[in-house]
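What follows is one structure encoded as structure tokens, with my remarks underneath.
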Amino acid sequence: LSKMIFTNRYPPKAHATAYVMMGFRVAWFKVHYPIHYYSAYFSLKKGDFDIRTMIKGYDAIKEKISILKEKGYEATNKEISTLDVLKSALEMTARGYKFGNIDLYKSDSFKFLIDEDNKTLIPPFISIDGLGEVVAKKIVEERNIKEFLSVEDLQNRARVSQTIINNMRVMGILDTIPETSQLSLF
């Protein structure tokens with residue numbers, strides 16, 4: 001009996017060792033391959049992104065963090081989750097990396113992609129507030145079939161709601177395509 005009590009008081013050493021090894025691996029990638037680390041981290045993070053703030057850079061992220069911290073216990077669960085993501089985004093931007101804008105033809109459905117300059121992450125469609133997984137997949141599927149002719153074409157083919165279209169307009173994602181496919185003769 002005393003042997004059982006003694007062994008149950010201490011956590012298994014293998015479990016603790018595994019956590020330490022994982023910590024070293026994360027730290028190694030964070031130091032030696034930082035943009036790849038942040039790409040994987042944000043791609044796996046299922047938190048709430050405030051992508052509009054993240055795109056604006058270090059100062060905007062820092063300001064948003066202070067606003068959310070001031071709320072204290074009044075903050076919602078979504079705001080607390082957003083705060084965690086923003087802290088990592090602030091760290092990333094402080095290290096000289098940045099978030100690019102969501103690109104209609106470059107962005108992935110779910111993964112943060114590394115731009116050619118190796119200093120910029122291109123956010124996925126899922127990071128747009130209110131855009132779900134099905135619509136994110138559908139946008140990528142449809143753009144791979146054929147380029148979008150207009151905002152109207154995007155909305156019809158990818159089944160994107162008007163609210164999401166408005167969010168995309170505000171973010172400047174739809175600046176490169178016309179509103180409708182109609183030609184004007186005059």
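The values are calculated or read from the model by the stated rules, or taken from the named source; none is laboratory data. All values reported here derive from a predicted model rather than from experimental measurement. Heads up, the Cβs are rebuilt from the backbone with ideal geometry, glycines too, and the neighbour counts pull from every protein chain shown. With ligands, DNA and RNA removed, areas are computed over all heavy atoms of the protein, side chains included. Shrake-Rupley method; radii C 1.70, N 1.55, O 1.52, S 1.80 Å.
So if I check each of Ala89, Ala75, Ala94, which one is under 10 Å from the mean Cα position of the chain (by Cα) and small (Gly, Ala, Ser)?
None of the other options fit; the residue is Ala89.
Search segment 79-97 for residues that are under 19 Å from Ala40 (Cβ atoms) and touching a residue at least 60 places away in the same chain (Cβ under 8 Å) and pair each with any residue that is among the aromatic types (Phe, Trp, Tyr) and surrounded by 13 or more Cβ atoms within 10 Å (Cβ to Cβ) when their beta-carbon atoms are under 7 Å apart and the residues are at least 6 apart or on different chains.
Every condition considered, the pairs that remain are Tyr97/Tyr38.
Within segment 150-176, track down each residue that is at pLDDT below 90 and over 23 Å from Phe110 (Cβ atoms).
The answer is Asp175, and nothing else.
Within the set of pairs 6+ apart or on separate chains, which have a first residue in segment 42-71 that is on the phi > 0 side of the Ramachandran plot, a second that is buried (at least 16 other Cβ atoms within 10 Å of the Cβ) and in a helix (DSSP H, G or I), and C-beta atoms under 8 Å apart?
Gly57/Thr93
Being part of a helix (DSSP H, G or I), open to solvent by 30 Å² or more (accessible area, probe 1.4 Å) and farther than 20 Å from Pro123 by Cα is the filter here; which residues of segment 47-86 pass it?
Once the filter is applied, which keeps residues that are part of a helix (DSSP H, G or I), open to solvent by 30 Å² or more (accessible area, probe 1.4 Å) and farther than 20 Å from Pro123 by Cα, segment 47-86 yields Glu63, Ser66, Ile67, Lys69, Glu70, Lys71, Gly72, Tyr73, Glu74, Asn77, Ile80.
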